[in-house]
Each structure stands twice: as C-alpha cells, then as structure tokens.
Amino acid sequence: MPRKLTAGVRARPAPKEPQRPSALRLWLRRRKPMLRPAAKAAALLGLFGVAAMGVASLDPASKLSAIFDSASSGAAARAGALLVTEVRIEGARNTAPAMLREAIGVRAGDPVLAFAPQTAKERLESIAWIESAEVQRHLSGLVLVRLRERAPFAIWQNNGRFAIIDREGRTVATDRLDAFGPLPLVVGAGAEKTAAPLYDLLKRAPDLLARTQALVRIGERRWNLRLHSGTDVMLPEGHEDAALQRLAELQRQNQILDRPLQVVDLRLPDRLVLRGASAPEQPPAAARARTGRSG
C-alpha cells in the first residue's frame, strides 16, 4: 500500500539514467591525439598572420623574410635547433679578419634565424676595401659571405702623407704600403681621382713608363712626369695623349731622355723647350788644394 506523504516533505526524484556520449564527442575523443599537432600548426599560422600585419608596407621579398623571421626565430631558438655551424668567407685578400668578423656579427652556435643577412651586408660594404658583398644564410647552419674587394692601383702622396688608392681614387689603406707590390706613385691634390687615365696612356709607351718615377698633378689642372733621372716632363692640359706620342717619337729618334736635362716642356704643340741640368758646383781652389794634399 503506498505510503502517504506528510505535509512539507517532498519525494525524492527518481535517479536519471546515464546518458550516452553523443556521436560528435565520441569522434573528437578518438581523434584528440591527431588534433594536437594541428592546433600547434594553427597557432603558428596565427603568428604568421600577426607578423604579416606589421610588415604590410614592405616589398614582397622583404615582407616574406620579415614574416618568416618574426614567426619562426623564437620557436626555433627555444627548440635548440637551426644553429650556425660555419661562417664561410670568400674573396677576402686585404681586409683585416677582425674587421670582417665584427661586420658579419655572427659565429658558430648562434641561432640561424636571428641573423640578419642584409644588415651584415651593409656593414661589410662600409669597409674601405670592400666594393660589394653578398651574404647568405642557410638552414643547414652555413653563413656564406662572398666579397669583391677593391684592387690597389697606386700610392698617393699628398701633403707628406701616403695612402693606397683604387682606380677611382678611394683610399683603401694607409699602412703596410709595401705589402701590395710595386705600384705607381701619384702626387698632389686631385691626383688620386684623375691618375688612372694618364697611367693607361703611359702603358702604351713602355719605354716612357719604365723611366717614370711619379705622376705629379700641377694645380689640379695638368700633369708632369717625374723621371727616375730627375727630369720633369711638362705635359699640356687635356692633350696628354698627343704629347706622350711626341715624346716617345723623340726618344726613338734622338734619345732625348738619355741627356742630362732638367725640364722637357711639351705644353706647346709646335715648340719643344729643353732645359739642361745645372752643372754641379765646383769647390773653391783652396778646398781643391786641401783635398789634393789630404789624398
């Protein structure tokens, strides 16, 4: 017989039967291990998206590099992977190794993705010896640096100072001047930027070149040739080629440069002016007599 309920007392609800998981939950539960890598990939893609927003104003190549750097360098460094294993430098002959290391700014063991090749390239090209630089980083751990150095052309003397210059007149070194072999000597203000064309003309006349000690710039307008014999050859402004051909012909026919001359003036096309070397001073007669008695 059913029990009567007294006032104020509620009957307990009947226990619910356990519900079976839905088909969606069963599907997710079975695939949970496979979804973890996908979630990580999605997070990485999110980082790529955030990085892309900050570099929208860059050109396409720079944009891709910046996105890849910002999204990947931190994760790769934390994982202990993608480290620099070798820094290889090609084309360096005259640049000091310490300057190269400082300009490149990376060494073995550093994270590859934290290295900025463009920044290293700019620092390398600020070095006097280096005309151009190519810098590559490889995920294998190799940092490859290819250099094109300026070629030493001449020694420039000005106001008592000496420097090694290239053909364009850039100063590439101020010490170890004897370390680059025999180089032409150019003298005077402005000589460093204008000597190369005159030197090329002289190379067409090997006999004149062999006799020339220095190319001397006069008033930043014209040139003199100082010969090993002490003779000064005065060349006309803007007509050096014709004057050198004339001088070479005079040497072939008359051996003019074998004479004891102080000046050969070729500044006028229709006139040749020669000035003989001054004779050495003779000692006074009393001095000669004393010299003869002492001998």
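So here's what we get for this one:
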| item | result |
| --- | --- |
| Hey, residue 111 more than 16 Å from residue 97 (Cα to Cα), surrounded by 13 or more Cβ atoms within 10 Å (Cβ to Cβ), touching a residue at least 24 places away in the same chain (Cβ under 8 Å) and in contact with a Phe, Trp or Tyr (Cβ under 7 Å, 6 or more places away or on another chain) or not | no |
| Residue list for region 142-167, filter: surrounded by fewer than 17 Cβ atoms within 10 Å (Cβ to Cβ), over 17 Å from the mean Cα position of the chain (by Cα) and closer than 25 Å to residue 199 by Cα | 158, 159, 160, 161, 162 |
| Strands (runs of 3 or more DSSP E) within region 117-236 that include 2 or more residues not hydrophobic (A, V, I, L, M, F, W, C) | 130-137, 142-149, 154-158, 212-218, 222-227 |
| Residue 170 touching a helix residue (DSSP H, G or I) at 6+ places or on another chain (Cβ under 9 Å) and surrounded by fewer than 20 Cβ atoms within 10 Å (Cβ to Cβ) | yes |
| Out of 139, 183, 177, sole residue that is out of contact with any Lys or Arg (no Cβ under 9 Å at 6 or more places or on another chain) and either among the aromatic types (Phe, Trp, Tyr) or surrounded by 15 or more Cβ atoms within 10 Å (Cβ to Cβ) (or both) | 183 |
| Subset of region 132-165 [without any contact (Cβ under 8 Å) to a residue 24 or more places away in the chain and either acidic (Asp, Glu) or closer than 15 Å to residue 99 by Cβ (or both)] | 133, 134, 150 |
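Rundown of residues vs (1) modelled with pLDDT under 95; (2) over 21 Å from residue 268 (Cβ atoms); (3) of a type in the set (A, V, I, L, M, F, W, C), yes/no style:
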position: 148; (1), (2), (3): no, yes, no
position: 178; (1), (2), (3): yes, yes, no
position: 195; (1), (2), (3): no, yes, yes
position: 199; (1), (2), (3): no, yes, no
position: 212; (1), (2), (3): no, yes, no
position: 217; (1), (2), (3): no, no, no
position: 231; (1), (2), (3): no, no, no
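The values are calculated or read from the model by the stated rules, or taken from the named source; none is laboratory data. Since the structure is predicted, the reported quantities are computational estimates derived from the model, not experimental observations. Cβ coordinates were reconstructed from backbone atoms using ideal geometry, including for glycine residues, and neighbour counts include every protein chain displayed.
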